[in-house]
Amino acid sequence: MRLKTTLLLLMITGISSFAQNNLSPKYDERVELLSVVFRLAKSQEYINNTVKLHADVTDKYFGKYSNHEVVKLAQKLKKKRGIGYDAVMSMAIHLEIKNNSVYFNPQLNKDGLDDRWGNYADEFVLAVQNFYQESKFNTFFKANQKMYDLASERFQIVSNEIHIEWFEKFFGYKPKGQYHIVVGLLHRGNYGPKYVTKSGEENIYSILSAYKVDSTGYPVFKKHQKSTLVHEFCHSFCNPLGEKYYSDMESKATDLFASVSTLMRRQAYGSAKTMIYEILVRASTIRYFEDNGASKNVVEKLLNAEKAKGFLWIDELYKALERYSSNRSKYPTLNDFMPEIVKVQNNLIADDLLSEFRSNCPKIIRTSLKQGTNNVSTSLKEIIVEYDKPMASYGISDKGKQPKMDLEWQNKERTILCIHVELEPNTKYLLDFRSVFNEDKQGFPLQESFELDFTTGE
């Protein structure tokens, strides 16, 4: 789903690239339609208010449909089947809209849908059709065409950066279809679904969202977002390989996922299989940038950034891909090389990888107030927390009662945090420094969550 960080994105901006002007971004009514439905269903990944002009117009127009049958069904499927994120976009590209009707594209097979839809696809499409007609959705869509056209036009600066031939060269085959770039304004995150027609035509999508506006409130995009575009296109090539070989990788992948499940779930990756998809995509994306001019230094930093997010064997996988790239006569396609990747993964020792990961994580090494202190004076005005590494962020969860407080770094290295507090008498407080909310400048999370509990006196 999002690729960190601003520093790395700026590095990527400097990597040479090739123009590919036939990749024209579009705004897709199907994507907008399902984004609206899941926005009404309060799915957080479909509530993006960055382009407030459009978000406000959307809420005003569709607010009265918040209890529509399709919204209730979306809420039910979210709870019962985990329908959200890329599953929604998988459905969107399998739909067809024509003559004021929404229906499942007759040229496609339902088995191409995300598995989470199960047996609910027909029921959902019928409910969407009713919503589309009752809300006069097409009237809304046409009325906002200026915004859609502008977003698509402005995203061209990103699509022009992509060397599309790389995908076919690297993965070893040319899809019998087209690449599609879709810009969305209502969803958060980015998605890379695809469909294959009954005749074998394969259409690959990269569905991107907006995260910045100009002074007039309209969306703007930057060249560094090409990293996300490449990432999402890679999903259409990597996910089928992960699916095909997952039974051979499942046992070890499950062990690896258990080691970093909190980090994975924070990124909305809820299973070992999804983690396999993602690590293949991320290693391939970095390979794209190296093949198109990235220096060894940039590649190393990109690999470290992925390792910090919990992709523990990204180094080993990347070295395997280098071997693949050097032996294409033996391995014409990445599919041919996948058994070698399976071997690499299955020879890993999860505990050793986790130990190495933890050794890179920052720690809290000192607090001016000891854990479990009682009778703390209400005259205490500040608590000092010291980390062993320069930090990019700090975070205290809402677990337990917190004092009124204000936080600031005491030094330019960002290793000493000062918490200004106002304490009440006879009160038990808890400052919960959750691991995933506290990251160092390399992106590594706090080695262990830390709870600073104390009680004030009279």
Within region 288-297, is even one residue modelled with pLDDT under 95, closer than 23 Å to residue 356 by Cα and assigned to a loop (DSSP other than H, G, I, E, B)? no
Of (1) on the phi > 0 side of the Ramachandran plot; (2) at pLDDT 95 or above, residue 411 satisfies all except one. Which? (1)
Please work out if residue 17 is in contact with a helix residue (DSSP H, G or I) (Cβ under 9 Å, 6 or more places away or on another chain), modelled with pLDDT of 95 or more, of a type outside the set (A, V, I, L, M) and open to solvent by less than 70 Å² (accessible area, probe 1.4 Å). no
Of everything in region 235-286 that's among the acidic types (Asp, Glu) and open to solvent by 30 Å² or more (accessible area, probe 1.4 Å), which residue is nearest to residue 44 (Cα to Cα)? 243
Could you list, in sequence order, the residues of region 389-407 that are in a strand (DSSP E or B) and within 24 Å of residue 361 (Cβ to Cβ)? 391, 407
How about region 408-458: which of its residues are open to solvent by 20 Å² or more (accessible area, probe 1.4 Å) and in a strand (DSSP E or B)? 408, 409, 416, 420, 422, 428, 430, 439, 450, 451, 453, 455
Quick check on region 248-275: of everything there that is among the small types (Gly, Ala, Ser) and part of a loop (DSSP other than H, G, I, E, B), which residue is nearest to residue 339 (Cα to Cα)? 271
Scan 354, 321 and give me the residue that is modelled with pLDDT under 95, within 26 Å of the chain's Cα centre (by Cα) and part of a helix (DSSP H, G or I). 354
Can you tell me which residue among 53, 7 is open to solvent by 50 Å² or more (accessible area, probe 1.4 Å) and at pLDDT 95 or above? 53
Which of the residues that make up region 365-424 are closer than 18 Å to residue 455 by Cβ and among the β-branched types (Val, Ile, Thr)? 367, 373, 376, 378, 383, 396, 419, 421
Working only within region 56-91, note down all residues that are open to solvent by 40 Å² or more (accessible area, probe 1.4 Å) and under 18 Å from residue 119 (Cα atoms). 69, 72, 75, 76, 78, 79, 80, 81, 86
Within region 368-378, is even one residue open to solvent by less than 60 Å² (accessible area, probe 1.4 Å), touching a Leu at 6+ places or on another chain (Cβ under 6 Å) and not hydrophobic (A, V, I, L, M, F, W, C)? yes
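The values are calculated or read from the model by the stated rules, or taken from the named source; none is laboratory data. Here the structure is a predicted model, which is why all the values come from computation and not from measurement. All Cβ positions, glycine included, derive from the backbone under ideal geometry; neighbour counts span all protein chains shown. Protein only, heavy atoms only, side chains kept; ligands, DNA and RNA dropped before computing areas. Shrake-Rupley method; radii C 1.70, N 1.55, O 1.52, S 1.80 Å.
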